[in-house]
Every structure is written in C-alpha cells, then in structure tokens.
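Working notes, structure below.
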Amino acid sequence: MIPALATVFAALAAALHVYIFVMESVQWTQPRVWRRFGVADQAAADTTKPMAYNQGFYNLFLAIGVALGLVLFWVGDAGTAADVAGRTLVLFGLGSMLAAALVLVTSGRRYVRPALVQGTLPLVGVVLLLFA
C-alpha cells in the first residue's frame with residue numbers, strides 16, 4: 001500500500017511540475033500566467049520570457065526524472081538494480097523539487113503559499129518512498 005501511495009504522490013508532483021513547465025516555457029506571455037507569477041505587466045513578461053523559458057525546462061527535467069524513476073521502481077524486483085536506480089531517481093527528483101520550494105520561501109513571505117503548493121506533494125512522496 002505504501003509503495004502505491006508513494007507512487008501517486010510522486011506522479012502528482014511530476015504532473016504539477018509539467019504544468020509549471022507549460023506555464024513558464026509555453027504560456028509565459030499570457031496575462032493570466034504572468035500575473036500568477038507576480039509579474040507586473042506585459043513588458044516585464046516579455047523581458048523575463050527567456051529566463052522563464054529556461055526555468056520551465058528545469059521543472060520539466062525534474063518531472064521526467066521522477067517519471068523514469070517510477071517506471072524503474074515498478075519494473076524492478078525489490079533490491080534489484082532497476083529498483084535501486086528507480087528509488088534513487090525518484091528521491092533525487094522529489095528532493096530537488098522540495099529544495100526548490102524551500103528556496104522559494106527564502107524569497108519573501110508572499111512566496112509561502114506557492115512554495116507550499118510546489119513542495120507539499122514532493123515532501124509526502126519522499127516520506128512515503130522512504131517507508132516503502
């Protein structure tokens with residue numbers, strides 16, 4: 001049961017980071033997106049577009065790492081190379097997501113809520129995977 005729950009939370013964290021990738025790398029100059037990220041106006045969104053584009057790919061790569069790790073985790077028998085590699089990838093990806101959320105909190109009080117959104121699923125996934 002715990003491995004299945006860990007998988008659900010890890011997959012949800014990965015899906016959230018794919019969504020963040022889409023917002024940052026694909027939809028950044030749309031007003032509903034740049035407003036969500038606290039960007040002041042369209043000119044600022046246009047100016048920060050290259051930075052957001054790059055940052056979005058970091059989120060995508062973490063999500064891909066978690067997804068690949070989940071596949072390896074489930075195809076390998078306990079203790080096999082695939083299982084160990086899968087757990088390692090998932091823990092690295094989720095740990096990086098969680099660390100990014102902690103860094104976001106250091107940016108100011110207004111980022112506490114976004115950091116909670118970004119960090120809660122990875123945190124639960126890490127805890128569950130450690131017990132799986």
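The table that follows gives values for the structure above.
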{"quantity": "Selection from the stretch 111-122 of residues that are surrounded by 18 or more Cβ atoms within 10 Å (Cβ to Cβ) and over 20 Å from V33 (Cβ atoms)", "calculated": "G119, L121, P122"}
{"quantity": "Residues of the stretch 70-90 that turn out to be under 15 Å from the mean Cα position of the chain (by Cα) and in contact (Cβ under 8 Å) with a residue 40 or more places away in the chain, as a count", "calculated": "2"}
{"quantity": "Criterion: assigned to a helix (DSSP H, G or I), within 14 Å of F9 (Cα to Cα), in contact with a Gly (Cβ under 7 Å, 6 or more places away or on another chain) and of a type in the set (V, I, T) - qualifying residue of V90, V124, V117", "calculated": "V90"}
{"quantity": "Single condition V105 does not satisfy, out of (1) in contact (Cβ under 8 Å) with a residue 12 or more places away in the chain; (2) of a type outside the set (G, A, S); (3) touching a helix residue (DSSP H, G or I) at 6+ places or on another chain (Cβ under 7 Å); (4) farther than 20 Å from P3 by Cβ", "calculated": "(1)"}
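Read-outs throughout are calculated quantities, based only on the coordinates presented, and are distinct from any laboratory measurement. These numbers were taken from a predicted model, which means no experiment stands behind them. A quick note on method: Cβ atoms are made from the backbone with ideal geometry, for glycine too, and the neighbour counts reach across all protein chains shown.
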